[in-house]
1. Classify the protein assembly as shown from the C-alpha gyration tensor, please: rounded if a/c falls under 1.5, else prolate or oblate depending on whether a/b exceeds b/c.
2. Going by the alpha-carbon gyration tensor, a ≥ b ≥ c the square roots of its eigenvalues, is chain A rounded (a/c under 1.5) or, if a/c is not under 1.5, prolate (a/b greater than b/c) versus oblate?
3. If you count the DSSP beta bridges with both ends in the protein assembly as shown, what percent of them are antiparallel, to the nearest 5?
4. To one decimal place, what Kirkwood hydrodynamic radius in Å is obtained for segment B:11-139 from all pairs of distinct Cα atoms?
5. Please compute the modelled spin-label separation between B:Asp34 and B:Glu131, points set 7 Å along Cα→Cβ, answer in nm with one decimal.
6. Under 5 Å between amide hydrogens, which residues at least 5 positions from B:Thr40 or on another chain qualify, with H placed 1.01 Å from N in the peptide plane?
Amino acid sequence: MPDLPKRKVGLISCSGEELAEGTVTRRAVRKVLETLRPGDTVTLCLPLFLAGGEGERAFARHYPTIAVDGCDKRCAALATKKYSAKPAASVVVTEVAEASGRGAIGTARRLNEEGLRLADAVAGRIAEETDRLLKRKPGSAGPASGRGAR
Amino acid sequence: MSGGRRKVPVVPCSGIGKSLGAAAREAAYVLAEDLRPDRTRIVALSLLVMGDEEARRGVAGGAAVAIDGCKLECAAKGLACSGAAHVHKIAVFDVVRGHRGLKPEGVCDLNEDGLKLARATAEEAAKAVDELAREDGHA
């Protein structure tokens with residue numbers, strides 16, 4: 001058997017600098033990368049799509065990606081589709097917040113405790129989507145969840 | 001025609017893989033919230049990448065400040081592609097050369113050295129903003 005490269009999922013956060021939800025996307029993606037699914041995920045830098053990052057574009061053409069957006073403008077999802085390929089899954093922070101009835105989450109510069117909890121919830125959603133894309137059974141993958149990626 | 005002062009758009013790199021990218025982001029907040037809140041405003045790079053019309057209108061034809069974490073200069077390129085007439089580039093990797101004792105670490109939570117580097121970078125950017133104001137006769 002040839003030694004095929006391990007299938008991984010690319011995570012693309014909008015990182016929106018104007019909104020606290022953008023900061024949530026960064027924290028959630030880093031938590032998945034560092035703690036929840038460290039062997040199964042990589043991060044792709046959204047602005048590199050525009051700046052000519054052929055490596056990012058090629059990865060997103062050949063591997064599944066999850067776009068993680070702060071708001072319904074969905075910059076990460078749309079830019080990924082525009083420059084590479086449609087993301088296999090999409091997570092939007094404002095939708096997760098609405099579904100879980102969250103309050104104020106702090107500022108783009110500093111999330112408050114509620115914002116940190118929201119980032120944990122978003123990270124959980126990303127991990128679920130990662131498992132789905134890698135066709136894993138729920139609960140069969142990854143280290144125990146926690147808040148270690150803060 | 002309004003005689004009001006136009007706030008200078010500041011676009012930091014959105015780098016999520018390295019501490020210098022995080023320092024670029026933090027530097028933008030230090031600049032726009034602490035050092036020059038009345039003269040600057042942050043514009044999200046993701047909006048420019050996507051081609052958001054409102055964001056592009058806000059930077060097209062004027063001067064802007066890009067704060068980049070690495071030599072790929074995504075923020076500067078994003079501004080140039082969006083029609084900014086003059087992009088003043090601030091590079092965290094240049095600033096760190098002038099502060100050799102600093103060892104920035106962390107992405108979501110920068111360590112103390114990372115925050116010091118962000119402050120030093122923001123001060124460099126503030127000088128650029130002041131220079132732009134002088135050129136416009138607002139100093």
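No lab work stands behind these numbers, since they all come straight from the coordinates. Since the model is a prediction, treat every value here as computed from it, not as a measurement. In this analysis, Cβ positions are derived from the backbone assuming ideal geometry, glycine residues included, and neighbour counts consider all displayed protein chains.
1. Details: a/c = 1.76, a/b = 1.66, b/c = 1.06.
Verdict is prolate for the protein assembly as shown.
2. Judged from the Cα gyration tensor, chain A comes out oblate (a/c at least 1.5, b/c at or above a/b).
3. 5 percent
4. Working: mean 1/r = 0.0690 Å⁻¹.
In segment B:11-139 this quantity evaluates to 14.5 Å.
5. 2.2 nm
6. Amide H to amide H, under 5 Å and 5 or more residues apart or across chains, B:Thr40 pairs with B:Val8.
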